[in-house]
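See structure below.
FYI, it's all coordinate maths here, none of it is from the lab. None of these values were measured; they are calculated from a predicted model. Here the Cβ is made from the backbone with ideal geometry for all residues, glycine too, and neighbour counts use every protein chain on show.
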Amino acid sequence: MRKKSLTQEDRDLFRQAVGKVISIDSDKLHLSTTPKPKPIPAKRSVDNAQSLDESILVTELLSLEDSLSFLGPGLQKNVLRKMRKGRYGLDAEIDLHGLSSHEAKKQLLRFLHSCVEEGFRCVCIVHGKGYRSPDNLPILKNSLNLWLRQHRDVQAFCSAPHREGGTGAVFVLLRLTDKYDEQDDAER
C-alpha cells in the first residue's frame, strides 16, 4: 500500500482546522486516584398509598354479579383456574364490608403489607356484592379491581368460588418475598 501524499494546501487546511496543538510529553494514561463512590440501592417505599392512583380508570365498571379477574405478566393462565377452584390454600382473610372507600383502601394496604411481610401467598378479600350501593354499582368492588391491579405485590386475582363468597369476595395471589429466596440459599 502506498502512502498518500498530501499537498501543501491540504496540510495548511488541516492545521487551520485543528488549531493550536500542544505536544504531550508522555503517552501513558493517567487515571484518577480517587475511587468512584459505590452505588446505593434505592429503598423501597413501605407506603403503597401513593402508588394506587384513583385517577386511572379500568376500562369499564363492574356490576353486582360481574366476576373480577387479573393475571400479571409472566404468569400462566392455569394459575387463575387453580385460584378459582380454590387449589391455593388461603393464608389470611379481610372483610371490608360497610367501610367507606377511603377507609377500605387504608385497611387493604395495611393488610397486604402485613401479608407480604409474613410471607403469605394467597389471601381472600371480602368486599361484598354492593347491593346497597347507589345505582347498583358496587363501589368497593370497582375500587378493589383498580387498586389490586396497581399494587406491586399482587400477581393475580379472581372472584372467589361460590362457596367462599362468589362475586362478593376475591382471591389474591401475592408475590413471594425476598426473605424466602435467602432462606432457600442458606439451606443449600
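Structure summary
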item: Rg over Rh, two decimals, region 120-159 (C-alpha only, Kirkwood Rh); result: 1.02
item: Inter-probe distance in nm under a simple model that places probes 7 Å from Cα toward Cβ, at residue 97 and residue 152; result: 3.4
item: Added length on full extension, which subtracts the Cα-Cα distance from 0.36 nm per residue, residue 114 to residue 22; result: 26.5 nm
item: Cross-link table 105/129; 82/106; 85/105, entries beyond 23 Å C-alpha to C-alpha; result: 82/106; 85/105
